[in-house]
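Working notes for the structure below.
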Amino acid sequence: MKGTHEFEGGERNANILIDVNGALYPRAEAAVSVFDSGFVLGDGVWEGLRVQGGTVLFLEQHMDRLYEGMHTLDFADIPEREVLTRRIYAALRANDMHDGVHIRLMVSRGVKSTPYQDPRVTITPPTVVIIPEFKVALPDTVHKGVTLFTVHVRRGYSDVQDPTLNTHSKLNCITACIQAAKAGCDEGLMLDPHGFVATCNSTHFFIVRRGELWTSTGNYCLDGITRRKVLTMAADEGMVVRERNFTLTDVYNAEEAFVTGTFAGVAPVREVDGRRIGDGTRGPVVEMLQRVYGERIAEYIDGPGRSHPRD
């Protein structure tokens, strides 16, 4: 098991071009300074972007989240959104990428004069790295589903490390991932400080309970873009949707469970902590949401996606 982000297409990525601060470099030559804030301190924000039909899906919402993160962290000399969008599409053109692509867009505070945490020793504008790769979720992830293990690492309060910020500082999620992998599972299910279910280490978590769709309050997790779309889609399809506190007892006795994320979209969960969820196969709610999500993607490509600045 390698987690929910195991993928096909890796052999095509050996010779990709990567954008580092507006210049394209072969994969083996792409690098940042050892004094870069992201390397020294994890001082940066990032987005995962999916490309289909030559279009970066739901780019406006990803950019909103990225720029809110940079503003919260008080980055200086932030590049304009349109400039960054054009660079993303330029990297796709340079690699002749149209479908089955995942982009990691990373922005650090910039290069420091010395390895120290104070932002005032930063001497360059933000470092921007755009890594486009051919990546498609494995069919087994989407159809057969994944397994989860509840880890000891909690999602914490915002006055310790705000879980709603998509920063490079992911040590708690990495620790959760390690524990789940050691337990032989695909991903870690994380609780909030009160013992209620919060989210997973790299995806968002949902259950179908008594015919309703439940997910966490959102107080201790990232404002997931796919998560948000699933909540809207399910309500549009007539389901009762609740963002609420619930416990592992609810999880173990759910009719269905699934995770969401930009990379794999909607993926069923067949087992949590050794308990089979439902009958252990992809259920009707997950099938419906996968279908509707595909329809929303097609609508976006034919609609808002056409307006992206690409030249």
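Values quoted throughout were computed directly from the atomic coordinates according to the rules given, and no laboratory measurement underlies them. Predicted model, so just to flag it, every value in this text is computed and none were measured. In this analysis, Cβ positions are derived from the backbone assuming ideal geometry, glycine residues included, and neighbour counts consider all displayed protein chains.
Could you tell me the number of lysine pairs in the chain with C-alpha atoms less than 29 Å from each other, where the two lysines are 8 or more residues apart or belong to different chains?
Close lysine pairs under the 29 Å cut-off: 15.
If I stretch the segment between residue 276 and residue 291 completely, what's the gain in nm (0.36 nm per residue apart, minus their alpha carbon distance), one decimal?
Working: separation 15, 0.36 × 15 = 5.40 nm, distance 2.39 nm.
Contour length minus the Cα-Cα distance gives 3.0 nm.
Fully extended, how many nm does the chain gain between residue 162 and residue 299 (0.36 nm per residue separation, minus their Cα-Cα distance)?
Details: separation 137, 0.36 × 137 = 49.32 nm, distance 3.32 nm.
My answer for the length gained is 46.0 nm.
Please report the spacing between the Cα centers of region 18-72 and region 137-205 in Å, no decimals.
Result: 22 Å between the Cα centres.
Taking amide H atoms as placed 1.01 Å from N in the peptide plane, list the residues 5 or more away in sequence, or in a different chain, whose amide H sits under 5 Å from that of residue 218.
Under 5 Å from the amide H of residue 218 lies no amide H from a residue far enough along the sequence or on another chain.
In the chain, how does Rg compare with the Kirkwood Rh, expressed as the Rg/Rh ratio over alpha carbon atoms?
Answer for the chain: 0.96.
log₁₀ I(q)/I(0) of region 194-310 at q = 0.11 Å⁻¹, via Debye over equal Cα point scatterers, no solvent, to two decimals?
-0.36
Sorting 269, 146 on the 10 Å Cβ count, fewest up front, what's the list?
Details: 269 29, 146 26.
Ordered from fewest to most neighbouring Cβ atoms within 10 Å, 269, 146 come out as 146, 269.
Mind listing the phi-derived Karplus ³J(HN,Hα) values for region 114-122, rounded to whole Hz, using 6.51, -1.76 and 1.60 with θ = phi - 60°, and x for any glycine or proline?
Using θ = phi - 60°, the values come out as 7, x, 8, 6, 4, x, 6, 9, 7 Hz.
I'd like to know which of 298, 48, 146 lies farthest towards the positive end of the charge dipole of the chain, counting +1 on Cβ of Lys and Arg and -1 on Cβ of Asp and Glu.
So the residue furthest toward the plus end is 146.
Which whole-number percent gives the relative contact order of region 140-299, counting Cα pairs below 8 Å spaced six or more residues apart?
The value is 26 percent.
If you average the sequence gap of Cα pairs under 8 Å that are 6 or more apart and divide by the length of region 73-188, what percent do you get for the contact order? Kindly include the intermediate steps, with their values, before the conclusion.
On the way: 120 pairs, mean separation 24.9, N = 116.
Once divided by the residue count of region 73-188, the mean separation gives 21 percent.
Mean Kyte-Doolittle of at least -1.0 and a Cα length of 18 Å or more along the axis: which whole DSSP H helices of the chain meet both?
Answer set is 81-94, 284-302.
Taking H placed 1.01 Å from N in the peptide plane, check which residues at least 5 places from residue 53 or on another chain put their amide H under 5 Å from its amide H.
100
Using 0.36 nm times the number of residues separating residue 249 and residue 118, minus their current alpha carbon distance, what extension gain do you get? Provide the component values of the computation, followed by the final result.
Working: separation 131, 0.36 × 131 = 47.16 nm, distance 4.45 nm.
Gain in length upon complete extension: 42.7 nm.
For region 29-80, report the convex hull volume of the alpha-carbon atoms normalised per residue, in Å³, without decimals.
120
Across region 91-248, what fraction of all alpha-carbon pairs, as a whole percent, falls in each successive 10 Å bin from zero upward?
Percent of Cα pairs in each bin: 9, 27, 34, 22, 7, 1.
What is the chain's relative contact order, in percent, from Cα pairs under 8 angstrom and six or more apart in sequence?
Reported as a whole number, the value is 20 percent.
Say we join alpha carbon atoms closer than 10 Å with springs in a Gaussian network model of the chain; which of 220, 89, 157 then has the biggest fluctuation?
Judging by the Gaussian network model, the answer is 157.
Just to be sure I understand: with springs between alpha-carbon atoms less than 10 Å apart, which residue in 167, 122, 260 has the highest mean-square fluctuation in the Gaussian network model of the chain?
Greatest mean-square fluctuation among the candidates belongs to 122.
Can you give the percent of C-alpha pairs in region 7-136 whose distance is more than 21 Å? Walk me through the numbers on the way to the answer.
On the way: 3356 of 8385 pairs.
Distances greater than 21 Å cover 40 percent of the Cα pairs.
For a quick check: with amide H placed at 1.01 Å from N, whose amide H comes under 5 Å from residue 191's, ignoring anything fewer than 5 positions away on the same chain?
151, 155, 198
How large is the charge dipole for region 7-136, taken about the Cα centre, if only the Cβ atoms of Lys, Arg (+1) and Asp, Glu (-1) carry charge, to the nearest 20 debye?
Computed about the Cα centre, the dipole is about 140 debye.
How large is the helix-only mean residue ellipticity at 222 nm for the chain, computed as the sum of -39500 (n - 2.57) over DSSP H runs with n ≥ 4, divided by its residue count, in deg cm²/dmol to the nearest 500? Don't skip to the end; give the middle numbers.
On the way: 8 runs with 86 residues, N = 311.
Counting only the DSSP helices, I get -8500 deg cm²/dmol.
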